[in-house]
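**Q** This is the structure, below, for whatever I ask next.
Read the figures in this text as sums done on the coordinates, not as results from a lab. These numbers come from a predicted model, not from an experiment. Glycine also receives a Cβ, built like all others from the backbone with ideal geometry; neighbour counts cover every protein chain displayed.
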Amino acid sequence: MSDKTAFIIPCYNEEENVEDLIASCKKIINNSGGDIDFILVNNGSKDTTANKLENGLGPQIHFVNIEENIGMGNGIKKGLEFAIKSKDYKNFGWTHADLQIPQKSLIEALEIMDSEKINSKKIYIRGKRINRNNFDIVFTFLMACYTSIIKKGLYYDITGLPVLINNKLISKVLLDSPNGFAFDVYTYIKAKREKAKIIRFNVNFGDRAKGKSSWNTGFLSKIKMCNYYLKEIWKI
């Protein structure tokens, strides 16, 4: 096994973002000295995302295709399964394709991981989003309070990104993980249950420059998502 890191990025109807995303991935690979690979997953897109991904890749950027979208979590899991099967990675991470999370935060997460010198430790690193609007801050705070009460622990910004996990923990957080958006909070809760070292770091959260969110279409969509998380967190 090498010391390389695999970052998974699921892409659903992101045709407007794909070129910028791939360019950003190539820049990070060059700046990291070749220690980072990307697995870009077409997560059942209905537009031209799959074609643009498959034809725009370069060295150390791999393509996984899913014909039917059954959730963000499934897209991440299929990418992680691809990376794990290669037996070539020490660390595994994921982020979104919309580029609202700065790609440089992936390097920051990796630098934090590298600073943890004891290889036997289970490490779970997660971004903590800042520079968000007041409504999103309140929504995130309430969801964190709910999770902390229900799961009897301290949780905050339960869906912050990026996430980076070492190989001592990855199989544990994948076991029985959900296919939907709750995949993120599931891995967070599982990491705590596994007594992993949880490390949070600030990430500047930006506006979406291109394309449209597949779920965040206004106030009602947030209420619907909130209801979804309440049910899913209860089940974990």
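**Q** Work the Kirkwood hydrodynamic radius out for the chain: mean of 1/r over every pair of different alpha-carbon atoms, inverted, in Å. Don't skip to the answer; put the middle values down first.
**A** On the way: mean 1/r = 0.0557 Å⁻¹.
It works out to 17.9 Å.
**Q** For the chain, what is the mean residue ellipticity at 222 nm derived from helices alone (per DSSP H run of n ≥ 4: -39500 (n - 2.57); sum divided by total residues; nearest 500 deg cm²/dmol)?
**A** On the way: 8 runs with 100 residues, N = 236.
So the helix-based figure for the chain works out to -13500 deg cm²/dmol.
**Q** Could you list 49, 140 in order of exposure, starting from the residue whose Cβ has the fewest other Cβ atoms within 10 Å? Show your work: numbers first, answer last.
**A** Numbers: 49 24, 140 18.
If I rank by nearby Cβ atoms, fewest first, I get 140, 49.
**Q** Moving on to the next point. Quick check on the exposure proxy: order 105, 120, 171 from fewest to most C-beta atoms within 10 angstrom.
**A** On the way: 105 20, 120 6, 171 11.
Listed from fewest to most nearby Cβ atoms, that is 120, 171, 105.
**Q** May I pose another question? Return 154, 57, 174 ranked ascending by Cβ neighbour count within 10 Å, so the fewest neighbours appear first.
**A** Numbers: 154 10, 57 16, 174 19.
Sorted ascending by nearby Cβ count, the order is 154, 57, 174.
**Q** How do 38-47, 80-89, 17-26 rank on mean C-beta neighbours within 10 Å, highest first?
**A** Values: 38-47: 23.4, 80-89: 16.1, 17-26: 19.1.
Ranking the peptides 38-47, 80-89, 17-26 by packing returns 38-47, 17-26, 80-89.
**Q** Let me ask something else about it. Does a label point 7 Å from the Cα of residue 152, set along Cα-to-beta-carbon, have any residues of the range 177-221 with amide nitrogen under 13 Å, and which are they?
**A** 193
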